[in-house]
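The values are calculated or read from the model by the stated rules, or taken from the named source; none is laboratory data. This one's a predicted model, so the numbers in the text were calculated from it and none came from an experiment. Cβ: placed from backbone, ideal geometry, glycine included. Neighbour counts: every protein chain shown.
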Amino acid sequence: MPENTNNENTWLNAEYEIADGVVRALKAWARSKPWRGSLAQRRNKVHHAHVMLGEAMGVSGITLNANQLDDESPCSLFSGAVAEALEHGDSEALIEAANGEGDGITRFDTASNTIFLCGKLSVVTYLRLLAEAAGMNHGDRIRFAVNGFARGFPRSFARSTVLPDGTIVKRDADATPDPEPQDDDDETSQQD
């Protein structure tokens, strides 16, 4: 497992079991260089990875909608209205915002059995949503995403930090030198 400087990380676990087929699918996705190419090419790469991962995890009936992936918007699990309601602890506004919104929010929709990806591609967010679609609980979703990213995208993981809540952020390139080059993945231009 690649080195990561967050020694107090409770989510990363070398013993966490991920099926070999899932790890192979993740490594194949990394080799495809998912952050390179035209937007249409990158969408095709994520769709191909989704099919491989779905088959490896036994959840191939999950639909992926990556039509709102772009180069401009940050990946968001919440819309502005949902985020504001969460920040202010307004449960009534939260319910209203969550029920009234859908487009532009990265999420797993249980009614349509669809993962919606919006904004910039985040492998970790996608893996969390795939784990949700597979029926994992909240903690297992985070463990699956963190450990899956670490094993499938080891160079990117080595350039990142895992926060206490399981969020993975890319370290500032000026603050930390890149690890030695390897052949496993080579995505250098965007987040996780």
Looking only at the stretch 32-41, and only at residues there that are buried (at least 18 other Cβ atoms within 10 Å of the Cβ) and within 23 Å of Gly21 (Cβ to Cβ), the one that is modelled with the lowest pLDDT: Pro34
From the options Leu53, Leu94, Leu86, residue that is modelled with pLDDT of 55 or more and not basic (Lys, Arg): Leu53
Residue in the stretch 56-75 that is modelled with the lowest pLDDT, counting only those that are of a type in the set (A, V, I, L, M, F, W, C) and in a strand (DSSP E or B): Leu69
Residues that are without any contact (Cβ under 8 Å) to a residue 60 or more places away in the chain and touching an Asp or Glu at 6+ places or on another chain (Cβ under 9 Å), drawn from the stretch 150-167: Arg159
Lone unmet requirement of (1) aromatic (Phe, Trp, Tyr); (2) modelled with pLDDT of 55 or more; (3) within 15 Å of the chain's Cα centre (by Cα) for Phe78: (2)
Given (1) modelled with pLDDT of 90 or more; (2) surrounded by 18 or more Cβ atoms within 10 Å (Cβ to Cβ); (3) charged (D, E, K, R), Asp140 misses just (2)
Are there any pairs, at least 6 apart or on different chains, whose C-beta atoms fall under 6 Å, with the first in the stretch 4-25 and on the phi > 0 side of the Ramachandran plot and the second at pLDDT below 95, and if so, which? none
Return the pairs, sorted by first residue and then second, in which the second residue is among the aromatic types (Phe, Trp, Tyr) and not in a loop (DSSP other than H, G, I, E, B), the first residue lies in the stretch 110-124 and is crowded, with 18+ Cβ neighbours inside 10 Å, the beta carbons are less than 6 Å apart, and the residues are 6+ apart or on different chains. Ile115/Phe108; Val123/Phe149; Val124/Phe149
